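Written below as structure tokens is the structure these notes are about.
Derivation of every value follows stated rules applied to the coordinates shown; laboratory data play no part. What you see is a predicted model, and the numbers here were worked out from it, not measured in a lab. For neighbour counting, all protein chains shown are included, and Cβ atoms are generated from backbone atoms with ideal geometry for every residue, glycine included.
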Amino acid sequence: MALGRARRVLIAGGGIGGLAAALALQRAGLEPVVFERAEALRDGGAGLHIWTNGVLALDCLGVAGQVLETAPAQQVAHFSTHRGEVLGAWPVGDFVERYGAPTIAVERSVLHGVLREALHGSPVRTGAHVTGFEQDEDGVTVR
């Protein structure tokens, strides 16, 4: 298969990683198609703590601004057990000055929604199971 011909890219999985990969590929000029086995994209889940390097990655994807609108910069990161017992705290309020981006806490559903909206019409096919693929000189066939 000639690499120059490949324009469409299939991504198996419509979670945060799959949508972020699709957005990166779209921004590179490719045509991502996301296959998600669930019948609908899930918007539930827990909160996420995204450190500076993750916020910088969101900026590279062009979505950091939208995420930061609902996820203010954290001043202190607390480390706790699963029972809520605080083990320690780390000041992170100066991360913008030190590293170029804050560390944030954001709801998974917010991040997922921002990534989905940023795909500008690239298809996300729900109820689509990917079980394997075959590649030859003519292309790739997904099962």
So how far, in whole Å, is the C-alpha centre of the stretch 83-118 from the one of the stretch 11-35? 22
DSSP beta bridge pairing in the chain, given as percent antiparallel to the nearest 5: 65
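Based on other C-beta atoms within 10 Å, arrange H129, H49 from fewest to most.
Fewest-to-most Cβ neighbours within 10 Å comes out as H129, H49.
What shape does the stretch 23-124 have by the C-alpha gyration tensor, where a ≥ b ≥ c are the square roots of the eigenvalues, rounded means a/c under 1.5, and otherwise prolate means a/b greater than b/c and oblate the rest?
Note, shape of the stretch 23-124 comes out oblate.
Counting only helical runs of four or more DSSP H residues, what would the 222 nm mean residue ellipticity of the chain come to if each run contributes -39,500 (n - 2.57) and the total is spread over all its residues?
The helix contribution divided over the chain gives -8500 deg cm²/dmol.
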Charged-residue dipole, Cβ positions (Lys, Arg, Asp, Glu), the stretch 3-142 about Cα centre, Debye nearest 20: 80
Neighbours of I11 by Cβ distance under 15 Å: Lys/Arg at +1, Asp/Glu at -1, summed charge +4
Net charge (Lys, Arg +1; Asp, Glu -1) of residues whose beta-carbon lies under 14 Å from that of V67, V67 excluded, is -2
